[in-house]
Amino acid sequence: MKPMTLVEKIIRAHLVEGECVPGQDVKIHIDQTLCQDATGTMAFLELEAMGVDKVKTELSVQYIDHNTMQMGPENPNDHLYLQSVCAAKGVRFSRPGNGICHQVHLERFGVPGKTLLGSDSHTPTGGGIGMLAMGAGGLDVAMAMAGVPFKLTYPRVVGVHLTGHLQPWVAAKDVILTVLSILGSQGNVGTCVEYYGPGVETLSVPERATITNMGAELGVTTSVFPSDQATLAFLKAEGRAESWSEQKADEGAEYSRVIELNLSELVPMAACPSNPGNVKKVSEVAGLPVSQVLIGSCTNSSLKDMRMVAKVLLGRHVSEKLSLGIAPGSRQVLKLLSEDGSLAAMVGAGCRILESACGPCIGQGFSPADGTISVRTFNRNFLNRTGTKNDQCYLVSPETAVATALTGCLTDPRTLGVEYPAWQMPDSFEPDDSMVLAPPENPGEIIRKETIGEPPKCTPLPDEIEAEILLKCGDKITTDHIMPAGAYLKYRSNIPRYSRYVFECFNEAGKPTFAERAEALRDKGVIGAIAAGLSYGQGSSREHAAICPMYLGVRLLLARTVERILRANYVNFGILPLQFKDETDLDSITEGTRVRISNLRAQLKPAGDLEASLMFADGTERKIVLTNTLSAEDIQVVLKGGRLSLD
């Protein structure tokens, strides 16, 4: 057998069905799953709908980290449901305040060489210790908990060959931003990124996890580092040395593409508004006035990041021009900061200490003022994601963020004139799992408050489709565009209510909303459709971006390209995603254009083309060709109205 990459080795070790040929569908066994509360409620409602008594995985963990702001009863209601259903189904429950799912899972549960499926798009954080960790929709994770193999496209593997070592004030965030500047944030579906080479050993696990976490912004299936002596040191410090195994690519493994990256040559980088792929050198944007800095999120909230920030802030004070918020990624990190004096240094410098949770990253609190710049160490800066309309958000490393906090303007940290703090992995992180509840032997009843709904089911697609375009949108439409997060996430268990906000960002004052127009069509028995450009569905694994449009009667998507997770979610909930054979056909479509597809079942073939007609308001009609990228299995699922509608 030819030498294999690490990605290939882990997939083959878990292969259940299919041929290991790039572009072909395979099914693999999933060892671990994780959910967070914004997606977990629906995932467990779906698990219940399947009639599953106990989960079949080696380990499943439910985290409460997204909706920790308890303004009204909706979030506490969901948390009560999740705690009780986890007890009933054999799932560990990480309580509010224990930390962000990706940070905690890396610290306490990740195992090199294992597979991890999470209902959050940043699950690839686990690749930092050599896991094959992937994000997916809640229904796919529910199926994995039920013991169903996970289907994915066998990937092309892009190798990033690392040499050299990072210079002072240049960070892991600058590595992934540089990779983003090379690969971009679209066009990478069906790809994995694997890091290798002598530069790997110079990076600690927290640094590797930053890189794999934000690899989600590339649109790849996952990213992975080898598991080596640095991984062992991390797991020893977590008291989990027995979980370690060496994981690496074979000598001579071949990659579909190799990117040479000399860490010694990298410089501080920034993702500029309003896409993580809009990358520039910090020196190019230095001097911009900033009103707010936030350091945290699952990307940059490790003990390494936080101690560096505290050491820089010690004896100094945050600029009076801005506000600095600090959010440690886990209770473990927060506890260590409180014991070593780091927290005192931060408070003394004028920091605001936030909860160990997602918070501002999903627009829940700490929104910036209108017309001002926010600098964050987060992983996404999609327009309005901060909770402020037309925001200006820059993504940077903690090094650049703390320098900016001291000066009041975007600052290359190399110009700060401060010695770069040294870092050494502690011998022990003093682990404490008292806020992770193991399932009891005798669980009580599952608690369902009035805000807990049921997952909606869908009807089969008709063989003769005549759908109306409700919305025509451009390139890089994200799941945040489709289903806003922030304060709206508390409605995630109430599909009729949450559906009111589908495509809210495109609504115009004084005109019917998207939801109102979709419902009006649905009530007339007319299928709703969406037309879009390139890379439709970037961002979160939020399956509500499929569930809520489906509830409103949307059953058809015509796009130039569709991202992996949203395409899978569309199939799971009975929405047919098709792509234009001729991308210019999108140009002629307007809202109100009708799409007719005849003999759908006869035409819809795996990886095949089908004919359709566009019918315009002036009475004219034009033939077009659409392309189906779904497998035979997916076709049957979507035709029957989604997985919950299957017999």
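No value in this document is a laboratory result; all are computed from the given coordinates. What you see is a predicted model; the values in this text were computed from it and never measured. With ideal geometry, Cβ positions are generated from the backbone for all residues, glycine too; neighbour counts draw on all protein chains shown.
Computed values, structure above
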{"quantity": "Distance between modelled label sites at LYS605 and ALA13, nm, 7 Å Cα→Cβ extension", "calculated": "4.0 nm"}
{"quantity": "Cα-based reach from LYS2 at 28 Å (exclusive), listing lysines while leaving out same-chain residues under 8 positions away", "calculated": "LYS27, LYS114, LYS151, LYS248"}
{"quantity": "Gain on full stretching of the segment that runs from LEU314 to ILE447 - 0.36 nm per residue minus C-alpha separation", "calculated": "43.2 nm"}
{"quantity": "Integer Hz, Karplus 6.51/-1.76/1.60 couplings in order for segment 130-141, x for Gly and Pro", "calculated": "x, 8, 8, 10, 9, x, 7, x, x, 5, 5, 5"}
{"quantity": "Hz values of 3J(HN,Hα) by residue in segment 589-603 - Karplus curve (6.51, -1.76, 1.60), Gly and Pro given as x", "calculated": "7, 10, 4, x, 4, 9, 10, 10, 10, 9, 6, 4, 5, 6, 7"}
{"quantity": "Neighbour-count ranking [beta-carbon atoms within 10 angstrom, fewest first] of TYR255, TYR154", "calculated": "TYR255, TYR154"}
{"quantity": "Pair LYS623, ALA369: separation of 7 Å Cα→Cβ label points (nm)", "calculated": "6.1 nm"}
{"quantity": "Under the Karplus curve 6.51 cos²θ - 1.76 cosθ + 1.60, θ = phi - 60°, whole-Hz ³J(HN,Hα) for segment 305-317, x wherever Gly or Pro sits", "calculated": "4, 5, 5, 4, 4, 4, 5, 5, 7, 4, x, 10, 9"}
{"quantity": "Protection-proxy order for peptides 519-525, 405-411, each taking the mean of Cβ atoms within 10 Å per residue, highest first", "calculated": "405-411, 519-525"}
{"quantity": "Peptide ranges 226-239, 269-282 listed from the most packed, as the mean C-beta count within 10 angstrom indicates", "calculated": "269-282, 226-239"}
{"quantity": "Charge dipole (debye, nearest 20) of the chain; +1 at Cβ of Lys and Arg, -1 at Cβ of Asp and Glu", "calculated": "580 debye"}
{"quantity": "Computed magnitude of the charge dipole of segment 274-414 (debye, nearest 20; Cβ of K, R +1, Cβ of D, E -1)", "calculated": "160 debye"}
{"quantity": "Over segment 465-645: Kirkwood hydrodynamic radius from C-alpha pairwise inverse distances, Å", "calculated": "16.3 Å"}
{"quantity": "Highest to lowest packing among 50-58, 491-499, 317-325, scored as the average C-beta count within 10 Å", "calculated": "491-499, 317-325, 50-58"}
{"quantity": "Straight-distance crosslink candidates among lysines, where the alpha carbon sits under 29 Å from LYS511 and sequence neighbours closer than 8 are dropped", "calculated": "LYS389, LYS472, LYS476, LYS490, LYS524"}
{"quantity": "FRET E, pair GLU466, GLU284, Förster distance 51 Å, beta-carbon r, rounded to 0.05", "calculated": "0.50"}
{"quantity": "Given charges at Cβ of Lys, Arg, Asp, Glu: the chain dipole, positive-most of THR57, GLY164, ALA345", "calculated": "ALA345"}
{"quantity": "Calculated P(r) of the chain - Cα pairs past 49 Å, %", "calculated": "9 percent"}
{"quantity": "Simple Cβ-charge dipole of segment 352-416, Lys/Arg +1 and Asp/Glu -1, about Cα centre, in debye nearest 20", "calculated": "100 debye"}
{"quantity": "Residues in segment 57-74 that a label on ARG95 would reach, taking backbone N under 16 Å of a point 7 Å out along Cα→Cβ", "calculated": "62-65, 68"}
{"quantity": "Distance in nm between pseudo-label sites at GLU242 and ASP340 (7 Å out along the Cβ direction from Cα)", "calculated": "2.7 nm"}
